[in-house]
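Written below as structure tokens is the structure these notes are about.
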Amino acid sequence: MAAVRDQIVRLGRSLFERRLTFGRTGNISVRQGDSILVTPTGASLGALTALSTIDIDGRHVDGPAPSKEAFLHAAVYRARPTAGAVVHLHSTYSVAVSCLDGLDPADALPPLTAYYVMRVGRLPLLAYHAPGDDALGPLAERTAATHHAMLLANHGPVVAGVDLDTAADAVEELEETARLFLLLHGHRTRPLTDGQVAALQARSGRAPGRDVAVAAPPHNIGTGGGDMTIDANTYIDAVVRRVERAGGRIQRERVGPVDAVTGGFHEVSVVARGHIRFSVVIAPLATVTGHAVRDFAGQVHQWALRTTHQVPGGRTEIVNFAVLVSHEVHPDAVAAAVARPPMQGVGTTRAVVVDLAHGQMHTFTGSLLFGFALRNLIRARQQQLLPHPAELVPGGPPR
């Protein structure tokens, strides 16, 4: 515990001396088991002595009175079980950006550099709340479930990391990118393309700002067809009806970190020289990232191995469709969905990403180590069970 306190004190002094925070602004926290060490109220980060302790609900446990924004740290930790530290600053350039009109609330800064993409990712802009306003807590908690960094309007950045060094690196990268953004303001810029961003995500495995999302509530989602909208439940209901028509049994169950709808059926297949177990596992997510796609496909494959029963007297091939439905699909999610599925020993699991905001479906379309006839059968069943989102929009084109 003493070592962690020393680390917080050193970081606070470093941030203050490099003018990344001023006066008595900003706060730092580190999670230690069920407790959270946080800087106290009215303290300068450049002259920290004692620290406060709060619990995961933001209640004061020990030490001096915590920062009036300690509830914000607790909200982030509740949403992000892997977060080990949170840094909140009033750093000049990030605050300046937070005051600009016309920012995209879903992503306040463009991907100007590779390190920004890898350390920060997307940066949602949260609506203005007065410092210490408890009403910010629920909004921050919802946002932190899918983003490790956020920008508070007319206030400053909040960044979480697996540890204090990671959080500090990310918030400093954010500040430098905000500075670049302001320096380039009014000039023609060349941000990284979607393809370049996706390549960086694939190269790094998982950029910190693009984590597994949580299940999304029903919401209307545009499909590019004027005012015509469908929501995630509409798409899932359509899939359920198709699976039931094929003889599948529908269940709602937990698959990995999300609540999903599952359904499957056996089919006698000459081309497979036995039976094929086709399974669909589908879940709505608030945001789909490359890591979410890969993680969900792996969870679905393990689920299928546990739940598939071999038909007596023959071989059963396993074919799974791991389907994520969302209105916010990151470029790295598209790259993960269209990539060749990994060889998994028994059967195959094909990731499918349904982007309702743009009326698109993304999945692998190349050839695996199957015969031509079996490949065509898998493709036909996928088209039978998973409608293109445009089909579900009234007046939309048939697919």
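Read-outs throughout are calculated quantities, based only on the coordinates presented, and are distinct from any laboratory measurement. Computed from a predicted model, the values in this text were never measured in an experiment. Cβ placement follows ideal geometry from the backbone for every residue including glycine, while neighbour counts extend to all protein chains displayed.
Between Tyr115 and Asn376, the FRET efficiency from the beta-carbon distance, with R0 = 45 Å, is close to 0.50. At an R0 of 22 angstrom, the distance between the Cβ atoms of Ala130 and Asp55 translates into a FRET efficiency of 0.35. Using the Cβ-Cβ distance between Asp62 and Leu183 with R0 = 51 Å, the FRET efficiency computed as 1/(1 + (r/R0)^6) comes to roughly 0.70.
For the stretch 2-204, the calculated P(r) over all alpha carbon pairs, in 5 Å bins from 0 to the bin holding the longest distance, is 1, 8, 17, 21, 21, 15, 9, 5, 2, 1, 0 percent. The label-point distance for Val4 and Thr365, in a model that sets each label 7 Å from Cα toward Cβ, rounds to 5.1 nm.
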